[in-house]
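The structure appears right after this line, and notes come after that.
The values are calculated or read from the model by the stated rules, or taken from the named source; none is laboratory data. If you're wondering where the values come from, they're calculated on a predicted model, not measured in any experiment. Every residue, glycine among them, receives a Cβ derived from its backbone with ideal geometry; neighbour counts consider all protein chains shown. Protein only, heavy atoms only, side chains kept; ligands, DNA and RNA dropped before computing areas. Shrake-Rupley method; radii C 1.70, N 1.55, O 1.52, S 1.80 Å.
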Amino acid sequence: MNWSPDAEAKLKEIPFFVRPAVRKRIEALASEAGRDGIDLAFYEEAKAQFGQK
């Protein structure tokens, strides 16, 4: 899954011990949506879907 630099930077703001789970969850949502990449807008939308602001 391709991540845009700005989405990757936002992901790095998440604590390291939950980051792999968050990455996996966002990538799963992107796959379900038929996307092959994650940009900042999708990242924010995905985080909102599972209760993270």
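Any residue at all in the stretch 5-17 that is surrounded by 12 or more Cβ atoms within 10 Å (Cβ to Cβ), of a type in the set (A, V, I, L, M) and in a loop (DSSP other than H, G, I, E, B)?
Yes, because at least one residue in the stretch 5-17 is surrounded by 12 or more Cβ atoms within 10 Å (Cβ to Cβ), of a type in the set (A, V, I, L, M) and in a loop (DSSP other than H, G, I, E, B).
When the stretch 5-36 is examined, which residues are found to be in contact (Cβ under 8 Å) with a residue 12 or more places away in the chain and within 10 Å of the chain's Cα centre (by Cα)?
ALA7, LYS10, LEU11, VAL22, ARG23, ARG25, ILE26, GLU27, LEU29, ALA30
Return the total of residues in the stretch 21-41 being touching a Ser or Thr at 6+ places or on another chain (Cβ under 9 Å), open to solvent by less than 20 Å² (accessible area, probe 1.4 Å) and either in a loop (DSSP other than H, G, I, E, B) or over 10 Å from TRP3 (Cα atoms) (or both).
Matching residues across the stretch 21-41 total 0.
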